[in-house]
Amino acid sequence: MRGVVGVWAGALLVGVGTWGGQAQELSGTEGLRLLQQEALPRWREYEQQADRWVGTAIYQDEVKRANGKQSRRRSRYVVRQSAVGGVFEHYLEDYEPWDEAGRGDFAYGVNSRYAFWLEKSLSGSKGGGGWQLRMIDEGGEGRSFRGSESDFSVWKTIRWMKYRGIDVLGKTLPELLEYQPFRVVGMRRVSREGRELWVVDFECPHAVDKPPPYFVQGGTMMLDPAGYWTLVEGRFRIQDIIATGIMEIHIEYRVDNGVPIPVRYYQTGSRSNGTNFREEFMYDWSVPARPLPESEFTLSHYGLPEPVGVVWERRTPVYVWLLVAAGVLLTLAVFFRWLARRLRRGLSEG
């Protein structure tokens, strides 16, 4: 973990150091207009691209608190989605100290009939125990799972994992652009390794004691206009009801058919209460050869009974249709053979 931490810090310092080479500057009003006219349509297109992805993410973090306590965690996330539903699974692989982990494996799912929340105990997270139903939201998206003051939903959670290329610590760039306190201070164009990027300075002052919570108060972010205006790096001022702080992020991508797909996401932070932390996500996204069926997003998929009154139409297996077709062809063959014999007998008698 310490080696990875060094890489994180180095990557962020190198990134921030290259932001000085200005080639063009825009005022706040001009910058906002550019984002609205050029960036926003590309962000919407990027969301549509990301909605097609399925895959996994490996998460590691390290937290150091002012009282000297430290914790480390490693988790694996699995995300599956199609037009008819989706699931978000979390598997806790390691936590130090384990007895302070607090929460083990969990899964959120949504389909056309209901949303569900599953959990395993901490002991079950280490290889034993089955899924247990925590809550169900019939006809909904799981908005009731976190209470009325939260903007949580299963769909939002699934997309949060896949929209990291356009996410600013809890709000996507389209959401941030429409957020009333958000204000562009200025923009400047910079060159990095042959790429033309835009650096956006912004302010976002707002109260942090009103739901739903959002902690970013302002900062600087670097966007790639040639790559759907995705986020490359950022440095943000944060505040919650306990402390203030600084958070920095750096995102690495691979390009597939012109679409930048995140492969690594680094985040470091320090807070005024003495807490320091580092996080890393490593992603493996792909587009499935065919859309996933709705059965992937049901309680039955996890070995649990369906809610009362919910009956899924079972699709007839392909082999059954093949057997039916073979039977029809055999029947036709027998019929035509009988008909040919009858015609031959009639001709011979005539």
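With springs only between Cα atoms under 10 Å, which of ALA333, ALA57, ALA39 fluctuates most in a Gaussian network model of the chain?
The residue with the greatest mean-square fluctuation here is ALA333.
When VAL308, VAL168, VAL334 are ordered from fewest to most other Cβ atoms inside 10 Å of their Cβ, what list results? Can you show the working numbers first?
Values: VAL308 6, VAL168 22, VAL334 10.
Least crowded to most crowded, the residues run VAL308, VAL334, VAL168.
Under the rule of -39500 (n - 2.57) per DSSP H run of 4 or more residues, summed and divided by the residues of the chain, what mean residue ellipticity at 222 nm is obtained, to the nearest 500 deg cm²/dmol?
Values: 7 runs with 85 residues, N = 350.
Theoretical 222 nm ellipticity from helices: -7500 deg cm²/dmol.
Give, as a single signed number, the net charge of other residues whose beta carbon lies under 10 Å from the beta carbon of GLY309, with Lys and Arg counted +1 and Asp and Glu -1. All intermediate terms of the calculation are to be shown ahead of the outcome.
Working: positive: ARG113; negative: GLU138, GLU306.
Around GLY309, the charge tally is -1.
Just rank THR29, THR244, THR230, THR172, fewest to most, by other beta-carbon atoms within 10 angstrom.
Numbers: THR29 11, THR244 15, THR230 26, THR172 21.
Listed from fewest to most nearby Cβ atoms, that is THR29, THR244, THR172, THR230.
In debye, nearest 20: dipole of the chain around its Cα centre with unit charges on the Cβ of K, R (+) and D, E (-)?
I would put it at about 1240 debye.
Based only on Cα atoms, what Rg/Rh ratio does the chain have, Rh being taken as Kirkwood's radius? Don't skip to the answer; put the middle values down first.
Values: Rg = 27.1 Å, Rh = 23.6 Å.
Answer for the chain: 1.15.
Indicate the helices, whole DSSP H runs only, in the chain that combine a mean Kyte-Doolittle hydropathy of -1.0 or more with a Cα extent along their long axis of 24 angstrom or more.
Details: long enough: 318-349 (47 Å, 1.02).
Span-like helices, by this rule, are 318-349.
Of all GluC sites (Glu not before Pro) in the stretch 44-77, which ones are in loop regions per DSSP and have a Cβ with at most 11 other Cβ atoms within 10 Å? Walk me through the numbers on the way to the answer.
Working: sites: GLU45, GLU47, GLU62; in loops: none.
Here no GluC sites (Glu not before Pro) fit, given the DSSP loop and packing criteria.
Below 8 Å, C-alpha to C-alpha, sequence gap of six or more: please give me the relative contact order for the chain in percent.
17 percent
Which is farthest toward the positive dipole end of the stretch 2-302 among ALA243, ALA107, THR230, measuring Cα position about the Cα centre, with Cβ charges +1 (Lys, Arg) and -1 (Asp, Glu)?
ALA243
Just GLY165, GLY227, GLY102 to compare: in a GNM of the chain, with alpha carbon springs under 10 Å, which one fluctuates most?
GLY102
Readers should treat all values here as calculations from the given coordinates under stated rules, not as data from a laboratory. Nothing here was measured: the structure is a model prediction, and the numbers come from that model. Cβ coordinates were reconstructed from backbone atoms using ideal geometry, including for glycine residues, and neighbour counts include every protein chain displayed.
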